[in-house]
Amino acid sequence: MLPSMEAVPALRNVVVYLVGFAGVGKLTTALALAKLFDARVVDNHWINNPIFGLLDTDGVTPLPAGVWDQVAKVRSAVLETIATLSAPGASFIFTHEGYDGDPEDHAIYRAMASTAERRGAQFVPVRLLCEVREHARRIVLAERAVRLKCVDPDVAIAAHRSASPLRSGHPNELTLDISASAPHESAARILSHIEAIAGGTQS
């Protein structure tokens, strides 16, 4: 049985890390999940877009060299703020287009895990998978272009052929196929996983 869609106030100081290919539905899942236990969403593009918004981006043309160095500065400031200034009981949901074979993506994962550790938070990595045809359909949705996100279906197809979403190896990791799930259904399953972890921690 799926949990109630009402917010669960007992869950405090949780950091969820949603990782998956561009366009699978990380942000929509994160927003649905945030309604269930009063968490703040830190979308990967909310970190990227202060830099992307200064450039000519169309979601297809490759970004100029050096852009990720500037994005890293924004991410560092965000993580430091969460670790040192945010309220002790606040919860956060990160989204990240992380690839298993990319050392830089693993470094970003470790920075997020370290932020949770510095807060003494429950850390929950979640890998979101999506069947390739459904993924190609989702990546071209109009709302992605508005958010300066990739809208090239070839990117989705290439990702499935050559890569895998980042595997953290963390004991709390959940892998979830969301190909046939609505965002609220995926969020409810993630919430059940978080609650099970919290129950095990408290026992």
* Determine the pairs where a residue that is basic (Lys, Arg), located within segment 10-26, has a partner that is surrounded by fewer than 24 Cβ atoms within 10 Å (Cβ to Cβ) with Cβ atoms under 6 Å apart, the partner being 6 or more residues away or on another chain. => ARG12/GLY89
* To do: State whether the residues of segment 3-14 include one that is modelled with pLDDT of 90 or more and under 24 Å from VAL71 (Cα atoms).
  => no
* Asked: Inside segment 54-103, can you point out the residues that are in contact with a Gly (Cβ under 9 Å, 6 or more places away or on another chain) and either surrounded by fewer than 12 Cβ atoms within 10 Å (Cβ to Cβ) or part of a loop (DSSP other than H, G, I, E, B) (or both)?
  -> PRO88, GLU97, GLY98
* Structure fact -> Counting only residues in segment 18-40 that are more than 10 Å from the chain's Cα centre (by Cα) and assigned to a strand (DSSP E or B), the one surrounded by the fewest Cβ atoms within 10 Å (Cβ to Cβ) is identified as ARG40
* Asked: Somewhere in segment 132-146, is a residue at pLDDT below 90 and not in a helix (DSSP H, G or I)?
  -> yes
* Just for segment 115-131: of the residues that are more than 16 Å from the chain's Cα centre (by Cα) and not hydrophobic (A, V, I, L, M, F, W, C), which one is surrounded by the fewest Cβ atoms within 10 Å (Cβ to Cβ)? -> GLY120
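The values are calculated or read from the model by the stated rules, or taken from the named source; none is laboratory data. Small disclaimer: the values here were computed from a predicted structure and weren't measured. Using ideal geometry, Cβ is built from the backbone for each residue, glycine included, and neighbour counts are taken over all protein chains shown.
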